[in-house]
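K.L.:
Got a structure here, written out as structure tokens. Questions coming.
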Amino acid sequence: MAEDVALIYKYRWTIETTLLLNVIRVLSKSQKAFSTVAALIRIHLISHLDLMWVVTEGRRTYTKRRISRNKSPVAIQLSLFGGG
């Protein structure tokens with residue numbers, strides 16, 4: 001009995017998720033495929049970006065940064081302990 005209820009909820013969430021993604025795609029008037037919209041939303045889910053911007057203007061790839069933001073371990077230690 002409990003497994004049946006769990007299965008019903010799983011189907012319900014699948015249907016609701018599909019409907020939500022379709023509504024987002026239609027409201028954004030995007031010509032992107034459903035799978036592309038789903039992938040964009042999944043990728044940017046925690047980025048706090050405007051959802052409509054992600055769907056209409058967002059891309060799956062971005063231009064490569066020319067300057068690396070990674071610091072060497074020595075630079076990190078110096079910045080933590082007041083040396084840099």
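The values are calculated or read from the model by the stated rules, or taken from the named source; none is laboratory data. Fair warning: this is a prediction, and the values are worked out from it, not measured in the lab. Please note: Cβ atoms are built from the backbone with ideal geometry, for glycine as well, and neighbour counts cover all protein chains shown.
K.L.:
Identify all residues within segment 24-54 that are within 17 Å of the chain's Cα centre (by Cα) and surrounded by fewer than 11 Cβ atoms within 10 Å (Cβ to Cβ); write none if there are none.
P.N.:
ALA33, SER35, ARG42, ILE46, SER47, HIS48
K.L.:
Looking at this structure, is LEU20 under 16 Å from the mean Cα position of the chain (by Cα) and at pLDDT 85 or above?
P.N.:
Values: under 16 Å from the mean Cα position of the chain (by Cα): yes; at pLDDT 85 or above: yes.
Against the criterion (under 16 Å from the mean Cα position of the chain (by Cα) and at pLDDT 85 or above), LEU20 qualifies.
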